[in-house]
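**Q** Got a structure for you, written out below as structure tokens; questions coming shortly.
Taken together, the values in this text are just the output of simple stated rules run on the coordinates, not laboratory data. Values in this document were obtained by computation on a predicted structure and should not be read as measured data. Note that each Cβ is placed from the backbone with ideal geometry, even for glycine, and that neighbours are counted across all protein chains shown.
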Amino acid sequence: MTSRPSVLIVTHSGDAEVPDLVARAVEKRGATPCRLDTDRFPMETRIAVRQDSTAPPRWILRQETDEIDLDGIQGVWYRRVAAPRLDEVDEKYRAACRDESRALLLGLFSSLDHARWVDPIARVRQAEHKILQLEVARRVGLAVPDTLTTNDPDDVRRFHEAHGGRIVSKMQHAFAVKDGGAELAYFTRPVPPEDLEKLAGLRYAPMVFQEYVEKDVELRVTVVGERVFAASIESQKSDLARHDWRRDGYGLAGQFRSDRLPPDIESRVLALQRELGLLYGALDFIRTPDGRHVFLEVNPAGEWGWLELQVGLPISGALADLLTGAVRVDRPPPRFGRV
């Protein structure tokens with residue numbers, strides 16, 4: 001039985017190695033980790049909240065043989081969530097049961113506002129909007145590509161012409177398409193002239209179009225509090241990965257190398273995170289052949305496990321420092337406005 005754990009790790013049962021890295025780092029700092037697999041609730045995990053007129057509410061989490069008093073949570077790492085597994089529930093009740101389960105989880109998370117969050121859910125949801133990110137990045141002095149987000153084919157044709165036909169397309173968020181049993185992702189790709197006559201699909205979903213930026217290397221920059229970890233990949237060595245290194249993720253496995261940002265770029269990256277109100281972020285950059293750093297996007301809950309396991313960047317320890325209070329970094333709520 002575990003009582004009064006210090007750090008709650010919010011994830012799901014399919015998330016293997018990375019939560020264990022953070023859990024071990026939390027334990028090394030003298031705190032106790034507690035993992036909540038969101039897809040196991042409500043079928044396997046039980047949660048109870050006791051409220052009465054004479055005492056503060058008490059939240060209890062019961063999973064397997066553990067009973068955990070959530071009042072003792074000092075830090076929350078909001079990493080992943082997944083829908084509950086409700087296959088055995090009659091289909092006509094399934095959506096309603098899922099909504100009730102989600103409501104209780106959100107109520108739990110709201111009640112933990114006294115804890116150190118990496119990061120608060122509301123900030124993650126707000127900061128993940130690419131249009132906002134690009135504007136804030138421009139405002140803090142980072143170079144960003146000329147970008148058009150639209151559902152109007154005529155705008156795309158004008159944008160294509162303005163950039164001499166050298167543009168790429170991408171989606172605003174993960175755009176996974178179910179095809180039989182397979183899930184197909186949309187990767188960044190060039191837009192040749194013949195595709196300008198195939199834009200009817202924009203009426204169903206807007207897309208992002210950006211000027212093509214020449215690449216020397218691509219960088220994944222991970223920010224944890226005030227610490228910045230950078231790694232680079234020579235994606236241009238792979239024809240498949242030329243426009244998006246993720247298309248050849250397996251082929252390029254193990255080829256990321258530790259890197260560094262110039263001090264002025266690093267300071268602007270930290271300014272971006274402060275403006276977004278985030279303690280954590282996984283940022284993508286292009287370093288051009290002439291040495292410029294061009295910002296593409298930040299994922300407020302982006303993956304980093306391979307950077308620690310393959311490159312050796314000590315990201316789990318940095319996260320554990322924030323979650324346990326060994327390192328304290330304040331992030332006031334963001335205030336956005338047009339400038």
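**Q** If you rank W59, W117 by fewest surrounding Cβ atoms within 10 Å, what's the result?
**A** So the ranking, lowest neighbour count to highest, is W59, W117.
**Q** Take each complete run of DSSP H in the chain, measure how far its Cα atoms stretch along the helix's own axis, and keep only those covering 24 Å or more with mean Kyte-Doolittle hydropathy at least -0.5; list them.
**A** 91-111
**Q** How high is the relative contact order of the chain, given as a whole-number percent (alpha carbon pairs under 8 Å, six or more residues apart)?
**A** It rounds to 18 percent for the chain.
**Q** Rounded, prolate or oblate: which fits the stretch 7-118 when a ≥ b ≥ c are the square roots of the eigenvalues of the alpha-carbon gyration tensor, with rounded for a/c under 1.5 and prolate only if a/b beats b/c?
**A** Verdict is oblate for the stretch 7-118.
**Q** Can you give the FRET efficiency to the nearest 0.05 for A200 and A271, using r as the Cβ-Cβ distance and R₀ = 41 Å?
**A** Once rounded, the FRET efficiency stands at 0.50.
**Q** Something else now. Which order do V22, V191 fall in if you start with the one that has the fewest other Cβ atoms within 10 Å?
**A** Listing V22, V191 from fewest to most nearby Cβ atoms yields V191, V22.
**Q** Run the helix sum for the chain: -39,500 (n - 2.57) per DSSP H stretch of 4+ residues, divided by residue count, reported at 222 nm to the nearest 500 deg cm²/dmol.
**A** -7500 deg cm²/dmol
**Q** Taking the radius of gyration and the Kirkwood hydrodynamic radius from Cα positions alone, what is the Rg/Rh ratio for the chain, to two decimal places?
**A** Rounded to two decimals, Rg/Rh equals 0.99.
**Q** Which net charge results for the neighbourhood of E266, defined as the other residues with beta-carbon distances under 11 angstrom from its beta-carbon, given Lys and Arg at +1 and Asp and Glu at -1?
**A** Local net charge: +1.
**Q** Let me ask something else. Arrange K198, K215, K92 by Cβ neighbour counts within 10 Å, fewest through most, would you?
**A** K92, K198, K215
**Q** Using the per-residue mean of other Cβ atoms lying within 10 Å as a proxy for protection, in what order, highest first, do the peptides 48-57, 28-37 fall?
**A** Highest mean packing first, the order is 28-37, 48-57.
**Q** Calculate the length of the line joining the C-alpha centroid of the stretch 283-307 to that of the stretch 24-71, in whole Å.
**A** Using only Cα atoms, the two centres lie 35 Å from each other.
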